[in-house]
Amino acid sequence: MAPPAKAVIGGQGAGRPSTARGRAAWPADRLGSLLAAVGFAAAVLLPFMIVKANRIASGQPHGLADSLSRAGAAELAALLAVVAGVAMLVRAPTVRLAAALAGLAGLAAAVSHAASRFTPPGDSFARVSPGAGAWLMTAVLALLATDALARLRLFPGARVAALALAIAACWLAFRFGLFDQLSVMREYANRADVFAREARWHLVLAGGSCAVAVLIGLPLGILCHRAPRLRAGTLQGLNIVQTIPSIALFGMLMVPLGLLARSFPVLSQFGVAGIGGAPAFVALVLYALLPVTANTVAGLAQAPAAAVDAARGMGMTDGQVLREVELPLAVPVILTGIRIVLVQNIGLATVAALIGGGGFGTFVFQGLGQTAIDLVLLGAAPTVALAFCASVLLDAAAEAFEGPGS
């Protein structure tokens with residue numbers, strides 16, 4: 001006699017838990033569990049602070065328990081344990097974001113307290129900096145906050161507001177001297193005037209070259225869209241420029257610009273010379289032309305043929321079709337190209353310091369030459385922050401132009 005169907009089905013499923021059972025057996029969030037594990041390893045295995053007798057001496061690592069008082073270490077450990085629990089077990093994005101921000105605030109306070117604890121009163125030579133453990137825990141908490149923001153799916157204006165709040169919080173922390181005892185801030189204090197000048201010049205190099213590339217690349221992209229025969233050759237030529245290493249391109253431009261300044265001395269009054277900002281600026285413009293031109297062509301090409309035909313059927317000229325139909329539809333793609341260019345140029349402008357181009361790269365290469373990692377960080381950290389802010393702002397602008405229905 002055959003067994004009942006229910007018994008047969010149950011027998012076939014024996015020893016093979018269903019997907020639902022498998023998920024129930026591991027209720028924790030996978031990304032949160034990974035981040036919690038990495039954060040725990042960083043707190044236990046890696047140094048929390050590095051203490052040096054002077055800016056170029058070898059550092060002495062100190063763990064989390066040694067860097068803080070017993071009560072301070074216990075409070076930070078408890079806070080991080082709560083954050084880890086939220087990351088693993090809570091899926092609500094707002095709760096995860098609040099936990100990540102609380103963890104970042106607690107970690108920042110702990111680093112500040114440890115720096116003050118390790119700095120002898122009146123000692124201007126000692127250098128205290130966060131260790132690998134503090135940096136890795138910061139990265140873990142930042143990833144948790146980023147994941148929570150991604151799950152919230154904020155609209156563009158809210159993302160810009162969140163960025164503004166983060167900038168305001170950082171400004172307040174620096175304004176009230178929360179990190180004054182850290183070695184990177186001591187490097188900044190010794191170079192505050194130079195830092196302001198190089199920051200302005202870095203913005204001019206990156207932002208100015210991006211603006212010039214848009215002024216050239218946008219009409220060039222429109223021309224390539226209107227004249228397909230020019231498209232392949234133009235884009236291929238610009239692509240060749242992209243393959244040239246930045247140092248090589250800077251060097252290649254030094255000779256013709258130097259000869260140009262020698263032949264026409266009046267150009268020297270406008271900063272044209274074989275070394276300095278001129279070759280760096282021209283190189284950044286050349287690097288930026290391909291993304292702007294290619295994205296302009298791609299954006300114009302994606303305009304629906306039906307919309308273009310309808311506009312022409314209404315009696316619009318080619319110029320009117322371009323201004324009122326094709327370009328508005330192409331704006332999100334064009335903004336994406338500009339985002340790529342601006343982020344790229346913010347990074348490449350750092351390399352310009354090798355030929356006297358200035359910018360944040362000045363501190364990076366000075367630090368490398370002096371084996372002063374904190375000086376390197378003084379140039380690298382604002383470069384990364386600028387690139388991140390530019391990416392968020394232009395991403396939000398592109399999404400805003402796409403509209404809610406896209």
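Starting from region 273-298, take each residue that is farther than 16 Å from Gly233 by Cα and list its partners that are aromatic (Phe, Trp, Tyr) and surrounded by fewer than 24 Cβ atoms within 10 Å (Cβ to Cβ), counting only C-beta distances under 8 angstrom and pairs at least six apart or across chains.
Listed pairs, sorted by first residue: Gly277/Trp201; Pro279/Phe250; Ala280/Phe250; Ala283/Phe250.
Here are some residues: Ala232, Ala213, Ala199, Ala173. Which one is surrounded by 19 or more Cβ atoms within 10 Å (Cβ to Cβ) and either at pLDDT 80 or above or assigned to a helix (DSSP H, G or I) (or both)?
Criteria check complete, one pass: Ala213.
If I filter region 90-119 down to residues being closer than 20 Å to Ala142 by Cα and basic (Lys, Arg), which single residue comes out as least open to solvent (accessible area, probe 1.4 Å)? Explain how you work it out, then say what you get.
Pass one, region 90-119, residues closer than 20 Å to Ala142 by Cα: 90-112.
Those left that are additionally basic (Lys, Arg): 91, 96.
Values: Arg91: 125, Arg96: 1 Å².
Selected residue: Arg96.
Would you point out the residue of region 68-89, among those that are open to solvent by less than 40 Å² (accessible area, probe 1.4 Å) and aliphatic (A, V, I, L, M), that is nearest to Phe118 (Cα to Cα)? Don't jump to the end; show me each part of the working.
At the first step, the residues of region 68-89 found to be open to solvent by less than 40 Å² (accessible area, probe 1.4 Å) are 68, 72-73, 76, 80, 83-87.
Checking the rest, the ones that are also aliphatic (A, V, I, L, M) come to 68, 73, 76, 80, 83-84, 86-87.
Details: Leu68: 9, Ala73: 15, Leu76: 18, Leu80: 23, Val83: 27, Ala84: 28, Val86: 32, Ala87: 32 Å.
Selected residue: Leu68.
Considering (1) open to solvent by 40 Å² or more (accessible area, probe 1.4 Å); (2) in contact with a Leu (Cβ under 9 Å, 6 or more places away or on another chain); (3) not assigned by TED's automatic domain parsing to the domain that holds Met88, say which one Gln181 fails and leave the rest.
Every condition holds for Gln181 apart from (2).
Of Gly131, Gly63, which residue is touching a residue at least 60 places away in the same chain (Cβ under 8 Å), in contact with a His (Cβ under 9 Å, 6 or more places away or on another chain) and crowded, with 17+ Cβ neighbours inside 10 Å? Let's see the steps before the verdict.
Values: Gly63 fails: in contact with a His (Cβ under 9 Å, 6 or more places away or on another chain).
After applying the criteria, what remains is Gly131.
Hey, does region 151-159 have a residue that's outside the structural domain of Val364 (by TED's automatic domain parsing) and either surrounded by 17 or more Cβ atoms within 10 Å (Cβ to Cβ) or more than 30 Å from Ala99 (Cα to Cα) (or both)? Show your work before the answer.
Within region 151-159, the subset outside the structural domain of Val364 (by TED's automatic domain parsing) is 151-159.
Subsequent filtering for residues that are either surrounded by 17 or more Cβ atoms within 10 Å (Cβ to Cβ) or more than 30 Å from Ala99 (Cα to Cα) (or both) retains 156, 159.
Looking for residues that are outside the structural domain of Val364 (by TED's automatic domain parsing) and either surrounded by 17 or more Cβ atoms within 10 Å (Cβ to Cβ) or more than 30 Å from Ala99 (Cα to Cα) (or both), one finds at least one in region 151-159, hence yes.
Assuming Arg226 fulfils every condition listed in (1) under 20 Å from Thr383 (Cβ atoms); (2) assigned by TED's automatic domain parsing to the domain that holds Ile340; (3) among the charged types (D, E, K, R) apart from one, which condition is it?
Evaluating Arg226 over (1) under 20 Å from Thr383 (Cβ atoms); (2) assigned by TED's automatic domain parsing to the domain that holds Ile340; (3) among the charged types (D, E, K, R) leaves (1) as the failure.
Would you pick out the residues in region 27-59 that are at pLDDT 90 or above and part of a strand (DSSP E or B)?
Once the filter is applied, which keeps residues that are at pLDDT 90 or above and part of a strand (DSSP E or B), region 27-59 yields Met49, Ile50, Val51.
If you scan region 176-196, which residues turn out to be over 13 Å from Gly358 (Cβ atoms) and part of a helix (DSSP H, G or I)? Outline the logic, then answer.
Filtering region 176-196 for residues over 13 Å from Gly358 (Cβ atoms) gives 176-193.
Scanning region 176-196 gives Ser183, Val184, Met185, Arg186, Glu187, Tyr188, Ala189, Asn190, Ala192, Asp193.
The values are calculated or read from the model by the stated rules, or taken from the named source; none is laboratory data. Everything numeric in this text was worked out from a predicted model, so none of it was measured. Every residue, glycine as well, gets a Cβ built from its backbone with ideal geometry; the counts of neighbours run over all protein chains shown. Heads up: the accessible areas ignore ligands, DNA and RNA and are worked out on the full protein's heavy atoms, side chains in. Shrake-Rupley method; radii C 1.70, N 1.55, O 1.52, S 1.80 Å.
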